[in-house]
Amino acid sequence: MSPADLATTSDTLAWLAVVSYVVAATLFGFEFAYRTRWFGVAGVTVTVAGLAANVGAAVTRGLAVQRVPWGNMYEFSIIVGIITVTGFLVWLSRRPEIRPLGVFVLLPAVCAMALGGLVFRVPAGPLVPALNSRWIVIHVAAAITGSSVLCLASVFSILYLVKERVERRQRPPAPPLVAGAARTADRVEVDQAVARHASVWSRLPSADTLDHLAYRTTAFGFPIWTFAIIAGAIWAQAAWGRYWGWDPKETWSFISWTVFAAYLHARATAGWRGRRAAWLSIVGLATLVFNFYAVNTVIVGLHSYGGR
Amino acid sequence: MAVELRPPAARPDRPPRRPGLGDTLRQAWREYRSMRTALVLLVVLAAASILGSLFPQEGLSPQRVDQYFADHPALAPVLERLGLFDVFGSAWYMAIYLALLGALVACLVPRTRALVRVLGSRPPRGGDLARYRTQATFTTPAAPEDAMGAARRVLRRGRYRLAEHDGELAGEKGFLREAASLLFHVSLLVLLVGLAYGKGYGYRGQAAIVEGETWANARVGYDSFSPGRFFGAGDLAPFQLRLDDFSNSFYPNNTPREFASQLTALDLDGRELQAQRVAPNRPMTVEGVRIFQSDYGYVPVVRVTDAKGKELLAPQEVLTLRDPATEWSTGAVKVTNAKPQVGLELTMFTGLATAPDCPGGAPFCNDPRLIRPVLVVLAYQGDLQADRAQSVFTLDRSRLRPLGDRPVLLAPGQSRKLANGMTVSFTDLKQYSVLTLARDPGVPMVAVAAGLLLLGLVPSLYVTRRRVWVRAVPDGAGGARVELAGLALQGKPAFEAELARLAEQVARGSGGLKPGSPEDRGTLDAPERST
Ligand code: HEM
């Protein structure tokens, strides 16, 4: 195939992946809402198919441009899809019970990819000389992975806040009885009450579980993000002669890093654990999104590769 | 602080005392070095950094700061007073991060001391095992001593530090978490110190060199120069640079592919030190100074003679400004000894094409490749006002009027007559290369600190602290009843399963569960789960 054919194939596969993920997200959504296993199983199948198309899109794009396929925002968006969905599937294989959460994982990935395809699509092309370094492979790959994982952690923090609110509302007014047997009875009653008045949101895993999930995901993403920043500094040192220059992109990466570091501290600080920490994580999400979309397009800097 | 697993036992009540100034200060100090302070300062630092990306920064894009002053003449001076055009160098930003560094140091000292103390002590006794939230119990046909032996082996294999307290085995592990966390925080401190050191004692500047020229590393040779606070005038390394050749290339779609300078470094006596092709991402290091390819431009060589052939301007290298979007370059020639004075506005195209050959029906366009260079000359006559400070790239046309009604087009080697009889010749075309030269003595320190920081970060997030106690008592029928209990500081949800697994291994190691015993599984008492 000629590079042009490869590029066209890549675009088609990327859209195929987006459509598959939308279908899969819908199926997971049905499973979440109606607790029908069948939907979830179908959702996994469609997700796997979508991932295959997604990987195909990245590979054909890479072949078309003869370099790693993460050189501009459109390509980043494709990679974000691969990372998020692969992560979700790996994790699903270890803990099948999280499957209904797939809707909350796939929807952000789909949004990122669709936005990339609609707004930031650029025809396949080579890199400008300043980006032409082997560090692009390392730095950009780490940055995409780290930020995808941290975004996912924030999604769990959002779900935590939702569930925490549901649990707070449903908590019986009187404190549970002390004696074990009585308490068990009490719990059953509470569960029944919950089942009766529950919104779909009460089907989320417990607030504690979601909080822990958010923490574990952050603990996974934070070192990757740290590494991405360090690798970026090494690259900047090689390309521009300074490892740090408060370029807007660098500044916002640092802001995200600081906010997630604050989140990690908050989880170990009395009075900040729980809701406040979750809000910090959401602020972190906002900074990541701003860095990716606004800084690449609105704010002028050396990292102006977003370009349309 | 994460070192103590349990709060120390309450001290016997002392008579109440009015808190004095010392107590208030001590309280304030304790508050300052608490994690809450670090957390708040981190958030404040993040918020302050946002300002640095919302306003143009002096150190990053001075032109945009000037633009801002032009656009908002009333607001800009106020913002400047507040340091918003140099956020990261401003006093208040410095104050925030110094406060954070202070808190960091203040919390690291007691944390280190606590870690050393805990490492030097034996794992403490568990006391009444029944009161722990996570426990496991089983009965085994083995004798209590054998069961304890098995427990010892299992815990040792699990890398627990062990201590024996009459009949009770205490195990503890996971100090790597705190040690790694300390490494992370200390590295962060070192990194910031290295950053400040490099900034203070280093410098950064830009210089333009024309092909074939030799440039001396002296302050006057730089077009822009920003030294650190402690960088002395005599600290510039003594060397010269010669630009032997400059080359650039483009992809078929006319986007830049590469540009590179063939540079030779010479000592002050002109002896060659080293030679290298310097390109983006491929810098050269001379005497500790890193030299980077930044930009480039074209240097048409222009000669002007009067109507009688007398030379008014000897062949002059005219530095032009290149527009990276179109690859046109613009420059100016000032013939001050003509009467009246003559100014020439030059536009140099690398490959001028006209109407039918241009995309989208444009009247003319430019091929970025240097295939057919054309110099377009617009001549003016009058007063150049050369005694006033002005840009070398443009003419001040306020006292000039056009000379002739159409521009003159010149290919290299060509000469043309202007309307007043003067002759302009485009004798040669050269390129110049813009290099960034930088010295940062803090780099090694920062690099090592960054490496250690990463090294410390992962275990500080993943290693979990655990304490486990084991006791085995005779069950009255020749076997032993084995009790395990534990405490987890992190990763609590996983700990129940972990302790159950330990119990299972101990049971297997001591000959299996006693058949028919009431607890042939570890019973896990977990009334409430918390994370
Ligand atoms: C300069 C900015 C700082 C950064 C970027 C930072 C970053 C971090 C990170 C990433 C962790 C790991 C979180 C975890 O283990 O869950 C951590 C832990 C910790 N930090 Fe900081 N830190 C900073 C300043 C401070 C300061 C000033 C203090 C002292 C008040 C402090 C005290 C601690 C403590 C006690 C832990 C251990 C928490 C635990 O293991 O649960 N940090 N820090």
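The values are calculated or read from the model by the stated rules, or taken from the named source; none is laboratory data. If you're wondering where the values come from, they're calculated on a predicted model, not measured in any experiment. Note that each Cβ is placed from the backbone with ideal geometry, even for glycine, and that neighbours are counted across all protein chains shown. Note: areas computed on protein heavy atoms with side chains; ligands, DNA, RNA excluded. Shrake-Rupley method; radii C 1.70, N 1.55, O 1.52, S 1.80 Å.
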Here are some residues: B:ARG219, B:ARG177. Which one is within 16 Å of the ligand (Cβ to nearest atom) and either more than 21 Å from the chain's Cα centre (by Cα) or without any contact (Cβ under 8 Å) to a residue 60 or more places away in the chain (or both)?
B:ARG177
Looking at (1) open to solvent by 20 Å² or more (accessible area, probe 1.4 Å); (2) within 14 Å of chain A (Cβ to nearest Cβ), which is the only condition B:GLY404 fails?
(2)
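Output yes when any residue across segment B:143-159 is within 14 Å of chain A (Cβ to nearest Cβ), more than 16 Å from the ligand (Cβ to nearest atom) and modelled with pLDDT under 85, and no when none is. Spell out how you get there, then give the answer.
Quick first cut of segment B:143-159, residues within 14 Å of chain A (Cβ to nearest Cβ) only: none.
There is no residue in segment B:143-159 that is within 14 Å of chain A (Cβ to nearest Cβ), more than 16 Å from the ligand (Cβ to nearest atom) and modelled with pLDDT under 85.
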Residues of segment B:190-204 being over 16 Å from B:ASP295 (Cβ atoms) and either open to solvent by less than 40 Å² (accessible area, probe 1.4 Å) or more than 16 Å from the ligand (Cβ to nearest atom) (or both), which ones?
B:LEU191, B:GLY194, B:TYR197, B:GLY198, B:LYS199, B:GLY200, B:TYR201, B:GLY202, B:TYR203
Could you count how many residues in segment A:47-72 are closer than 11 Å to A:LEU6 by Cβ and open to solvent by 30 Å² or more (accessible area, probe 1.4 Å)?
3
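Can you go through B:PRO368, B:PRO356 and tell me which one is more than 15 Å from B:LEU384 (Cα to Cα) and assigned to a helix (DSSP H, G or I)?
Values: B:PRO368 fails: assigned to a helix (DSSP H, G or I).
The match here is B:PRO356.
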Of everything in segment A:263-284, what is surrounded by fewer than 23 Cβ atoms within 10 Å (Cβ to Cβ), more than 11 Å from the ligand (Cβ to nearest atom) and not in a loop (DSSP other than H, G, I, E, B)? Give them in sequence order.
A:ARG275, A:ARG276, A:TRP279, A:ILE282, A:VAL283
Residue pairs qualifying under the 9 Å Cβ cut-off, at least six apart or on distinct chains, with the first in segment B:60-82 being more than 22 Å from A:ASP247 (Cα to Cα) and the second being in a helix (DSSP H, G or I) and open to solvent by less than 60 Å² (accessible area, probe 1.4 Å), are B:ALA70/B:ALA76; B:HIS72/B:LEU79; B:LEU75/B:TYR68
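So which strands (runs of 3 or more DSSP E) stay within segment B:410-488 end to end and still have 1 or more residues that are surrounded by fewer than 18 Cβ atoms within 10 Å (Cβ to Cβ)?
Ranges flagged: B:415-417, B:423-439, B:466-474.
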Among B:GLU311, B:GLU327, B:GLU345, which is the only one that is within 21 Å of B:ASP396 (Cα to Cα) and acidic (Asp, Glu)?
B:GLU345
Looking across segment B:489-507 at residues that are more than 16 Å from the ligand (Cβ to nearest atom) and aliphatic (A, V, I, L, M), the single one that is surrounded by the fewest Cβ atoms within 10 Å (Cβ to Cβ) is B:ALA497
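Please go through segment B:125-148 and give me each residue that is open to solvent by 40 Å² or more (accessible area, probe 1.4 Å) and outside any loop (DSSP other than H, G, I, E, B), ordered by number.
Residues satisfying the conditions are B:ALA130, B:ARG131, B:GLU145, B:ASP146.
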Residue satisfying all of: in segment A:227-252; open to solvent by less than 20 Å² (accessible area, probe 1.4 Å), in contact (Cβ under 8 Å) with a residue 60 or more places away in the chain and over 19 Å from B:THR436 (Cβ atoms); farthest from the ligand (Cβ to nearest atom) among these
A:ALA231
List the number of the failed condition for B:ALA485; all other conditions in (1) in contact with a Lys or Arg (Cβ under 6 Å, 6 or more places away or on another chain); (2) under 23 Å from B:ASP166 (Cα atoms) hold.
(1)
Starting from residues that are under 21 Å from the mean Cα position of the chain (by Cα) and under 30 Å from B:THR427 (Cα atoms), keep the ones in segment B:280-304 and report whichever is surrounded by the fewest Cβ atoms within 10 Å (Cβ to Cβ).
B:SER294
Matching residues, segment B:339-375, being at pLDDT below 90 and touching an Asp or Glu at 6+ places or on another chain (Cβ under 7 Å)
B:THR350, B:GLY351, B:ALA353, B:ASN366, B:PRO368
Under 8 Å by Cβ, and 6 or more places apart or on different chains, what pairs join a residue from segment B:452-464 that is without any contact (Cβ under 8 Å) to a residue 24 or more places away in the chain and more than 9 Å from the ligand (Cβ to nearest atom) with one that is of a type in the set (Val, Ile, Thr) and open to solvent by less than 20 Å² (accessible area, probe 1.4 Å)?
B:LEU454/A:THR226
Checking A:PHE260 against (1) under 20 Å from the mean Cα position of the chain (by Cα); (2) open to solvent by 30 Å² or more (accessible area, probe 1.4 Å); (3) more than 9 Å from chain B (Cβ to nearest Cβ), the condition it does not meet:
(2)
Residues of segment A:211-236 being facing another protein chain (nearest Cβ under 7 Å) and of a type in the set (S, T, N, Q), in sequence order, are A:THR226
Within segment B:205-256, residues within 25 Å of B:LEU60 (Cβ to Cβ) and open to solvent by less than 40 Å² (accessible area, probe 1.4 Å) come out as B:GLY205, B:ALA207, B:ALA208, B:ILE209, B:ASN217, B:GLY221, B:TYR222, B:GLY228, B:PHE231, B:LEU236
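Pick from B:PRO363, B:PRO368, B:PRO373, B:PRO340: which is out of contact with any Lys or Arg (no Cβ under 6 Å at 6 or more places or on another chain) and either among the β-branched types (Val, Ile, Thr) or open to solvent by less than 20 Å² (accessible area, probe 1.4 Å) (or both)?
Exactly one of B:PRO363, B:PRO368, B:PRO373, B:PRO340 is out of contact with any Lys or Arg (no Cβ under 6 Å at 6 or more places or on another chain) and either among the β-branched types (Val, Ile, Thr) or open to solvent by less than 20 Å² (accessible area, probe 1.4 Å) (or both), namely B:PRO368.
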Among the helices (runs of 4 or more DSSP H) confined wholly to segment B:14-124, which include 2 or more residues that are away from the ligand (no atom under 13 Å from the Cβ), at the interface with chain A (Cβ under 10 Å from one of its Cβ atoms) and modelled with pLDDT under 90?
B:35-54
